[in-house]
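The values are calculated or read from the model by the stated rules, or taken from the named source; none is laboratory data. Predicted, not measured: the structure shown is a model, and the values here were computed from it. Because the Cβ atoms are built from the backbone with ideal geometry, glycine has one as well, and the counts that use them run over all protein chains shown. For the accessible areas, the whole protein counts, side chains as well, though only heavy atoms, and no ligand, DNA or RNA atoms are used. Shrake-Rupley method; radii C 1.70, N 1.55, O 1.52, S 1.80 Å.
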Amino acid sequence: MNIIQRAQQVLLKPKLAWPEVEAEPADVISLFKNYVCILAIVPAVAGFIGLSLIGVGAFGVNFRVPIFTGLGQMVASYVMSLAMIYVLALFIDALAPSFNGTKNPLSALKLAAYASTAAFLGGVFSIIPLLALLGVIPALYSIYLVYTGAPVLMKIPQDKAAVFTVVVAVGGLIGICIVGWGMSVFSGR
């Protein structure tokens, strides 16, 4: 299945997509190369375009991040996004047994990668910096995708899936804060 079909299926029919994802043969390299690396480009490039080429303006004052600084931030953002997916998968895998789920590193990576589809695609809002906050809406949908995928991929009992999802979301939020801090250190702010 190609990346567009998979993204559509995960976003539009997640309850049908997760059993297919579970049955698919995959490994870490193929998941990253054929899916995560491609989708992670969206928010990185959109952020670069928005902050370095379009800029932020109000009351007649416009601010743009210098091109080379923007390129550095884009690369750092991209690399941190990839690392975040891997760390989130490790977190999901370690957490699953606490919720009567199954420890399975590959399934955890599949859950982290495919559930992040909405958040990655929502990064397109960063093209217009004033709309970047709208990216929160697809990120919230990614939380729902974790909720629907956890029982299938991690074998979390349905009655524990909501709490598991909340814990994963909080862990993801902490990870995003760390990535944000890392980006601010990188940019010197």
*What percent do you get for the relative contact order of the range 18-128 when only Cα pairs under 8 Å and 6+ apart count?*
40
_Below 8 Å, C-alpha to C-alpha, sequence gap of six or more: please give me the relative contact order for the range 91-189 in percent._
29
*Could you work out how far helix 105-115 tilts from the main Cα principal axis of the chain, as a 0 to 90 degree angle to the nearest 10?*
50
_Mean projected area in nm² (Cα convex hull; one quarter of hull surface) for the range 79-189_ = 6.8
*Report which label in [x] 10, 36, 33, 15, 5, 1; [y] 9, 36, 41, 14, 0; [z] 7, 20, 32, 29, 11, 1 holds the value of P(r) over Cα pairs in 10 Å bins from 0, in percent derived from the coordinates of this structure.*
[x]
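Carbon-plus-sulfur fraction of the accessible area of the chain, 1.4 Å probe, in percent?
74
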*Projected onto the charge dipole of the chain (+1 at Lys/Arg Cβ, -1 at Asp/Glu Cβ, origin at the Cα centre), which of Met74, Pro151, Ala132 gives the Cα projection farthest towards the positive end?*
Ala132
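Taking N as the number of residues in the range 1-90, what value does Rg over Cα atoms divided by 2.2 N^0.38 Å take? If you can, show how the numbers build up before the last one.
Working: Rg = 17.1 Å, N = 90, 2.2 N^0.38 = 12.2 Å.
Against the compact-globule rule of thumb, the ratio is 1.41.
How large is the helix-only mean residue ellipticity at 222 nm for the chain, computed as the sum of -39500 (n - 2.57) over DSSP H runs with n ≥ 4, divided by its residue count, in deg cm²/dmol to the nearest 500?
Mean residue ellipticity, 222 nm, calculated: -21500 deg cm²/dmol.
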*Amide N of the range 73-93 lying under 18 Å from the label point, which is placed 7 angstrom from the Cα of Val167 along Cα→Cβ*: 87-93
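Taking only C-alpha pairs under 8 Å that are 6+ residues apart, what is the relative contact order of the chain in percent? Mind showing how you got there, number by number?
Working: 247 pairs, mean separation 49.9, N = 189.
Across the chain, relative contact order equals 26 percent.
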_Under a Cβ-only charge scheme (Lys and Arg +1, Asp and Glu -1), can you give me the dipole magnitude of the range 20-151 about the Cα centre, in debye to the nearest 20?_
340
_Between Gln8 and Glu24, what is 0.36 nm times their sequence separation minus the Cα-Cα distance? Round to one decimal in nm._
4.1 nm
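Check each of the chymotrypsin sites (Phe, Trp or Tyr not before Pro) in the range 15-114 and keep only those in coil by DSSP with at most 13 other C-beta atoms within 10 angstrom; list them in order. Write out the running numbers ahead of the final one.
Values: sites: Phe32, Tyr35, Phe48, Phe59, Phe63, Phe68, Tyr78, Tyr86, Phe91, Phe99, Tyr114; in loops: Phe59.
Sparse-neighbourhood loop chymotrypsin sites (Phe, Trp or Tyr not before Pro): Phe59.
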*Per residue, in Å², the accessible surface of the chain once ligands and nucleic acids are set aside, probe 1.4 Å*: 53
